[in-house]
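Structure, as structure tokens:
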Amino acid sequence: MQDAPAGSPVPKATLDMLIEAGVPAISQTLFGLGIMNAFVPGLSPADPQRCRFAGPACTLRAIPMREDVRAAIAEGRLANPHRQALAGVRAGEVLITDIGDIPRISLFGDLIGTHLANLGVAAIVTDGGVADLAALADVALPVFSAGSAPVPASGRVVVVDIRRPIDCRGVPVYDGDIVVGDRAGVVVVPAHLAGQVAAKALEKERLEAFLLERLRAGAPLEGTYPPNAETLAAYRAR
């Protein structure tokens with residue numbers, strides 16, 4: 001489990017609870033609290049064995065590239081905004097992007113992934129594709145994307161914002177929101193709700209694990225799921 005960034009408003013213990021609770025329980029808990037648009041659809045991990053993480057969002061936004069801007073970057077008259085943005089990501093954070101939901105291009109490959117892993121970044125979550133998908137699976141960093149896209153994004157989009165609100169595949173993400181990932185996908189938790197969500201989701205996950213045990217042992221569905229008073233009493237007495 002990674003450490004929280006220095007100065008993060010959400011303590012490491014809460015991040016660890018969110019990782020243990022898992023994305024489905026967190027998403028359902030948020031839904032119950034009225035946050036109905038928190039699960040980021042259509043993203044999958046480069047390595048399903050290395051995909052569990054939680055950390056504050058470092059948001060990055062790109063817009064379609066304009067020809068004069070491309071020329072200025074190529075000629076060195078304008079600093080490369082992609083590299084400038086990467087320099088602003090802190091250890092423990094989740095770099096999450098809004099490039100306009102274009103799965104056919106990539107901002108990241110195994111070289112940048114390795115650099116960010118060395119910095120201690122918690123994860124990359126991108127609404128675009130990634131280059132070198134197989135190689136990224138070997139990098140010690142969870143990476144979620146729309147799939148393989150060995151086509152550089154530099155000719156199509158330009159980074160314009162870091163640490164501003166973004167739209168990641170229809171989900172609003174504010175800088176500092178807590179982003180959680182596992183094999184089920186990625187969910188975004190408002191930072192001010194992180195402690196409440198962690199406690200409720202973890203309790204939900206533990207109860208459901210108990211109910212699953214009982215069902216595997218042959219308990220009837222009726223009274224087990226949803227649990228009746230007798231089942232809840234057995235759960236609390238375990």
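The values are calculated or read from the model by the stated rules, or taken from the named source; none is laboratory data. All figures in this text were calculated on a predicted structure; none of them were measured in a lab. In this analysis, Cβ positions are derived from the backbone assuming ideal geometry, glycine residues included, and neighbour counts consider all displayed protein chains.
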Filtered residues of the stretch 70-101 (kept if outside any loop (DSSP other than H, G, I, E, B), among the aliphatic types (A, V, I, L, M) and either within 18 Å of Ala146 (Cβ to Cβ) or free of Cβ contacts under 8 Å to residues at least 12 places away in the same chain (or both)): Ala71, Ala72, Ala74, Val94, Leu95, Ile96
Test: residue in the stretch 69-90 that is over 18 Å from Pro165 (Cα atoms), touching a strand residue (DSSP E or B) at 6+ places or on another chain (Cβ under 6 Å), in the same structural domain as Ala54 (by TED's automatic domain parsing) and not aliphatic (A, V, I, L, M): no
Candidates Gly218, Gly181, Gly223, Gly155, filtered to the one that is in a loop (DSSP other than H, G, I, E, B) and either at pLDDT below 95 or within 16 Å of Phe53 (Cβ to Cβ) (or both): Gly155
Selection from the stretch 102-119 of residues that are of a type in the set (D, E, K, R) and in a helix (DSSP H, G or I): Asp110
Check on Leu116, of a type outside the set (Asp, Glu), in the same structural domain as Leu60 (by TED's automatic domain parsing), under 20 Å from the mean Cα position of the chain (by Cα) and at pLDDT below 95: no
Per-region count, the stretch 131-146, residues more than 19 Å from Glu93 (Cα to Cα) and touching a helix residue (DSSP H, G or I) at 6+ places or on another chain (Cβ under 7 Å): 2
Candidate set from the stretch 36-50 (those that are in contact with a strand residue (DSSP E or B) (Cβ under 8 Å, 6 or more places away or on another chain) and surrounded by fewer than 20 Cβ atoms within 10 Å (Cβ to Cβ)); member that is nearest to Lys204 (Cα to Cα): Asn37
Any hit, the stretch 63-71, residues being buried (at least 17 other Cβ atoms within 10 Å of the Cβ) and at pLDDT 95 or above: no
Top-ranked residue in the stretch 78-91 [being at pLDDT 95 or above and either loosely packed, with under 10 Cβ neighbours inside 10 Å or among the hydrophobic types (A, V, I, L, M, F, W, C) (or both); ranked as farthest from Ala153 (Cα to Cα)]: Ala91
Scan of the stretch 157-168 for residues that are buried (at least 20 other Cβ atoms within 10 Å of the Cβ) and within 18 Å of Phe39 (Cβ to Cβ), ordered by number: Ile166, Cys168
